Amino acid sequence: MQEADIQFLEESFKKYYFNHFDLITVPERTSEREFGFQKFNSGMTRHISIKSDKELHLMFMQNIPSDVYCSNAYYTFPNLPMNEKDWKEADLIFDIDAKDLNLSCRGNHTVSICNDCNEISKASTQCINCNSTKLEKKSLPCKNCIDASKTEVLKLTEVLIDDLAITKENIHVYFSGNEGFHVYVYNSQFQKIGSRERSELTDYISLRGTIPETFGMKKFKPNRASFPDFDEKGWRGRFSKQVFGSKSKRSKIITELITNGYSSFQKTLEDVSESIGVKIDPNVTMDIHRIFRLPGSINSKSGLAKIQCNNLSNFDPYIEASFLSDDTVEIIANSPIQFSLKNKKFGPYINEKVAVPTFAAVYMICKKLARIA
Amino acid sequence: MLALGQDEIAKYPFLADAGQYLKDQGFSLEQFGADPDLKQLIDKAYERILVAADGKIYKSDLDGDHVSKEAALPREVFSFLLAIVLLKLSGMHTLIKRFALAEARRAEKYLEKDLANISDESKNQLAIRVIDDLFSVQVKKSNDYFIIPVSDYLKHSINFHEREWKLINRHVENGHVFLSPHETVRLIRKELGTYINSKIINAKTPTMIPGFEDSVNKLVSLSKKFTTYTVSTGEYPPCIKHAIEILEKGENLPHSGRFMLATFLLSKGQSVQQIAPLFKNAPDYNPRVTLYQLNHLAGTSGSGTQYSCPSCEKLKTQSLCFAIPECDNIINPLQFGRKKK
């Protein structure tokens, strides 16, 4: 990114942080958390300890970070090196990202930026200009992406509440600031469990690693009675609803499953897992030393803020998470894909000079699809 | 400490304070070496170790869960305590490990029986207390099942590699896992073994006692049988081959995949300089960052922690596992191609 672009982004971000500090949630037990930040074109600064929102505010104003992070873990000494921090516990966190959902719409709104010649195109494997395979993908997520991510959030919430006895009040959902959602679980029985335990929990939530026996199928002499019932709790119940469809079809489908045999059942399980398992990023949940984007801060991949969603079904990030100003600014835009922000449509632009509101300019520059004119 | 009845000490001798028990019964170790009647018990203890070394469970003189004869109880407990003395004198850790495991399996049988005992509530409660006190697993009874909090379950189940122990293959409801008495006890087998093992390791080693030498010498030569040699084919496991292929094609290997590849090769003795060029085709290749990260993993920069190659289970979760039959139930890619001889 060139100097003028960075300067513009920093100014816009600074303005946001100055005017909207109220949107930044200083997490509970602030002094036990590790904070970190990044500046444009520079590495990560972490192992920072912060005691109050005043200190946090100061950090924002002094550094004008591109991204700010805070640990889900609680430490005795958050500012010491990792192995001296004295890990105490960590909130359970989940990351749901539209790019992991294998959605058919992705191809329509993903562009490639060639790392060798900077050519921007919709080609997915090779640069159309220089044939290089070093392509950086940028996506401008659509409504479908956001809706599909919301569905995953709802699936996750159901498993957390019904199977794992987490109360609704302890589940907080945030828009990630780019193309997905971050879910936090507080005060659960899982606060103190380690990374390997969390990895098992992610397999449970995403319905991975199942064996046919769990759902009643056996290699030899399968017994009809051990197949799941329609009103059963947990994954067996969800399996019934997905595979049998209705109570009346249960018997007939069990006969089919038994006739088709064990290995065919394994295939069925894979399909079921793909369709009803919750698609969370396992690496995020099992990392107990992660610093995770701070609620209220701006995501430099988009210029949108990470904000809490109190009404998920009506939530529209491209209206509600865009806080930057409307002041017009001139840019050279090269965005082959149209997008919409704050109810206004932008693009497509083919290497052209345009005057757009700051929030749209920031969005495109963050996506590397524009530069200051 | 739990208050233990006669039967309980025979069933769970590792719960007793060994030195105190001998004193209470009015014996000293020297007597066992000298008195011909008591010396039989050393042979019995030796046998108890022998059975364990063979991977079997020592069959005791207990009839059901009652002591069959008046004399059987002290014999049971003495042979256990003397076995520990013999093991300590031999100093053979492989034998101690095997003995601890076999004793755990033996205790497991009794715990299971006690848990499932519906006619005697006190037996039931004792088993529940042993599990809670020693292993911090809160067990509650619910109809025919024992239910434990998911978080307690996970702490123990992660030590199992069989798929049926994965949380997803368990009946989970309302934050609890439902288990049969057998599964409840099986869940803590490893920790029971570790507990017994650490009790033996932490016990004081006495100086050699006359009358014990023969059995100790026999144990030392017995333990030599268990030394194994391993050879390695040197071939890479499929997950590593896959990661290298992806990089060669210039496709994007996720961070977790790069971590796996680098830690694997570092563990195989390759240097940071040897590994770095592998990443040069990555779409976001930056030699400075690659070297920094590799040095970090190798422990030559940063905190000095050397990172190890993730387990097969973790790689499965990360969709990085491409198991083939030759993987043969290994639990870490580093074990691929190793054969015991």
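Observations, loosely collected:
- Helix B:121-135 and the longest principal axis of the C-alpha atoms of chain B enclose an angle of approximately 40°.
- Using the Cβ-Cβ distance between B:K140 and A:C105 with R0 set to 51 Å, the FRET efficiency works out to roughly 0.60.
- Put a dot 7 Å past the Cα of A:A165, heading toward its Cβ, do the same for A:K122, and the two dots end up 5.2 nm apart.
- Net charge of neighbours whose Cβ lies under 12 Å from the Cβ of A:G43, counting Lys and Arg as +1 and Asp and Glu as -1: +2
- What the Kirkwood sum gives for the stretch A:38-142 is a hydrodynamic radius of 17.6 Å, with every pair of different alpha carbons counted.
- Accessible-area value, B:Y58, 1.4 Å probe, nucleic acids and ligands omitted, Å²: 30
- Averaged over peptide A:190-197, the number of partner chain Cβ atoms lying within 10 Å of each residue's Cβ comes to 5.
- Here's the picture: charge each Lys and Arg Cβ at +1 and each Asp and Glu Cβ at -1 in the stretch A:192-311, and of A:S297, A:G194, A:I258 the one pushed furthest to the positive end of that dipole is A:I258.
- Given chain B, longest segment not containing exposed loop GluC sites (Glu not before Pro) (DSSP; at most 11 other Cβ within 10 Å): B:236-341
- Rolling a 1.4 Å probe across the protein heavy atoms gives the protein assembly as shown an accessible surface of 48 Å² per residue.
- Dipole magnitude of the stretch A:209-276, debye to nearest 20 (Cβ charges: Lys/Arg +1, Asp/Glu -1, about Cα centre): 260
- Counting only DSSP H runs of at least 4 residues, each contributing -39500 (n - 2.57), and dividing by the residue count of chain B, the helix-based mean residue ellipticity at 222 nm comes to -16500 deg cm²/dmol.
- A:L154 - accessible surface, heavy atoms, 1.4 Å probe, Å² rounded to 10: 110
- Cβ-based net charge around A:A4, under 15 Å, with every Lys or Arg adding one and every Asp or Glu removing one: -2
- Accessible-area ranking of B:C309, B:C321, largest first, probe 1.4 Å: B:C321, B:C309
- Cα convex hull of chain B - mean projected area over all directions, nm²: 22.0
- Treating each Cα of the protein assembly as shown as an identical point scatterer and summing with the Debye formula, the log10 of I(q)/I(0) at q = 0.06 Å⁻¹ comes to -0.48.
- Candidates A:Q7, A:F37, A:N72 compared by Cα position along the dipole of the stretch A:1-88: farthest toward the positive end lies A:N72, with charges placed on Cβ.
- For chain A, average projected area of the Cα convex hull in nm²: 21.4
- The alpha-carbon positions of the stretch A:150-205 define a convex hull whose volume is 93 Å³ per residue.
- With the convex hull drawn around the C-alpha atoms of the stretch B:159-206, the volume per residue stands at 99 Å³.
- Here the dipole of the stretch A:111-239 is about 360 debye; that uses its Cα centre as origin and unit charges on the Cβ of Lys and Arg (positive) and Asp and Glu (negative).
- 3J(HN,Hα) from dihedral phi, the stretch B:148-163, Karplus parametrisation 6.51/-1.76/1.60, rounded to Hz, x for glycine, proline: 10, x, 3, 5, 5, 4, 4, 4, 9, 5, 5, 7, 9, 10, 6, 5
- Exposure rank, largest accessible area first [A:F18, A:F292, A:F230; 1.4 Å]: A:F18, A:F230, A:F292
- For the stretch A:209-276, diffusion coefficient by Stokes-Einstein and Kirkwood Rh (Cα), 37 °C, 0.692 mPa s, µm²/s: 277
- Distance between the pseudo-spin-label points of B:N174 and B:K59 (7 Å out from Cα toward the beta carbon): 4.4 nm.
- Anchor B:K249: aspartates and glutamates whose Cα lies under 19 Å away (excluding residues fewer than 8 positions away in-chain): A:D116, A:E136, B:D284
- Violating pairs (Cα-Cα greater than 23 angstrom) within the set A:K221/B:K109; B:K109/B:K204; B:K39/B:K218; A:K39/A:K192; A:K306/A:K367: A:K221/B:K109; B:K109/B:K204; A:K39/A:K192
- A:K342 contributes an accessible area of around 60 Å² to the protein surface, as traced by a 1.4 Å probe with all chains present.
- Using the Karplus relation 6.51 cos²θ - 1.76 cosθ + 1.60 with θ = phi - 60°, the per-residue 3J(HN,Hα) values for the stretch A:300-311 come to 6, 7, 8, x, 8, 9, 7, 10, 6, 10, 8, 10 Hz, with x marking Gly and Pro.
- Between helix A:262-276 and chain A there is an angle of about 40 degrees, using the helix long axis and the longest principal axis of the Cα atoms.
- Relative contact order (%) - criterion: Cα under 8 Å, at least six apart; region: the stretch A:209-276: 32
- Label-zone membership for the stretch A:75-100, site B:T305, 7 angstrom Cα→C-beta point, backbone N under 17 Å: A:75-91
- Listed residue (B:G26, A:M59, A:I211) projecting farthest to the positive dipole end of the protein assembly as shown, Cβ model: A:I211
- Net charge of neighbours whose Cβ lies under 12 Å from the Cβ of B:L82, counting Lys and Arg as +1 and Asp and Glu as -1: +2
- Per-residue mean of C-beta atoms belonging to partner chains within 10 Å, peptide B:309-318: 4
- Each Lys and Arg adds +1 at its Cβ and each Asp and Glu adds -1 at its Cβ; summed about the Cα centre, chain A shows a dipole of about 1080 debye.
- Shielding by partners, peptide B:161-170 (average Cβ within 10 angstrom, other chains): 6
- Length available on full extension from A:K221 to A:H57: 0.36 nm per residue minus the Cα-Cα distance, which gives 52.4 nm.
- Chymotrypsin sites (Phe, Trp or Tyr not before Pro) restricted to the stretch B:180-228 and DSSP loop, no more than 14 other C-beta within 10 Å: B:F226
- Relative contact order computed over chain B (Cα-Cα under 8 Å; 6+ residues apart), in percent: 16
- Structural size metrics of the stretch A:222-373, computed from C-alpha coordinates, are Rg and Dmax of 24.5, 71 Å.
- Taking the longest Cα principal axis of chain A as reference, the axis of helix A:53-63 is set at about 60 degrees.
The values are calculated or read from the model by the stated rules, or taken from the named source; none is laboratory data. In this text, all values refer to a predicted model and were calculated from it rather than measured experimentally. Cβ sites come from the backbone with ideal geometry, for glycine too, and all protein chains shown count toward neighbours. Each accessible area value is taken on the protein alone, full model and side chains, heavy atoms only, with ligands, DNA and RNA left out. Shrake-Rupley method; radii C 1.70, N 1.55, O 1.52, S 1.80 Å.
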